[in-house]
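Dropping a structure here in structure tokens format, bear with me for questions.
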Amino acid sequence: MDVVKYPISTEKAIRLMEAENKLVFVITKASKKQDVKKAVEELFKVKVEKVNTYIDRKGNKKAYVKLSADTPAIDVATKMGLM
């Protein structure tokens, strides 16, 4: 099951990357926080500290993933081609 659908690169998401070391992804509705943490750690070889999920008005489920201090979110975003 694919947990992470795609990353989000809006102004807010980029501000979160710079200020709070967080990445934002659209995820499948059925996925849980533990699934997201495991998937992001495996996909990008990073350490995840915390995951917050949120369902927006359009019905998309989003995950705000806080990375550990030793892995900058900007570096991960650059590898994904967002920056």
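Output needed for the chain: three equivalent-ellipsoid semi-axes, defined as square roots of 5 times the C-alpha gyration tensor eigenvalues, in descending order, whole Å.
Over the Cα atoms of the chain, the ellipsoid semi-axes are 18, 15, 11 Å.
Turning to a different aspect of this structure: Which of ALA13, ALA73, ALA63 ends up with the largest GNM mean-square fluctuation for the chain, with Cα atoms connected below 10 Å?
ALA13
State, as an integer percentage, the relative contact order of the range 4-80 based on alpha-carbon contacts under 8 Å between residues 6 or more apart.
Values: 121 pairs, mean separation 25.4, N = 77.
Over the range 4-80, the number comes to 33 percent.
If we count other beta carbons within 10 Å of each Cβ, what is the order of VAL4, VAL65, fewest first?
VAL4, VAL65
Can you give the calculated 222 nm mean residue ellipticity of the chain, where each DSSP H run of n ≥ 4 adds -39,500 (n - 2.57) and the sum is split over every residue, rounded to the nearest 500 deg cm²/dmol?
So the helix-based figure for the chain works out to -10500 deg cm²/dmol.
Can you tell me which lysines have their Cα less than 23 Å from the Cα of LYS37? Leave out same-chain residues fewer than eight positions away.
The reachable lysines, counting only those whose Cα sits under 23 Å from LYS37, are LYS5, LYS12, LYS22, LYS29, LYS45, LYS47, LYS50, LYS61, LYS62, LYS66, LYS79.
FYI, it's all coordinate maths here, none of it is from the lab. Keep in mind it's a predicted model, so treat the numbers as computed, not measured. Note that each Cβ is placed from the backbone with ideal geometry, even for glycine, and that neighbours are counted across all protein chains shown.
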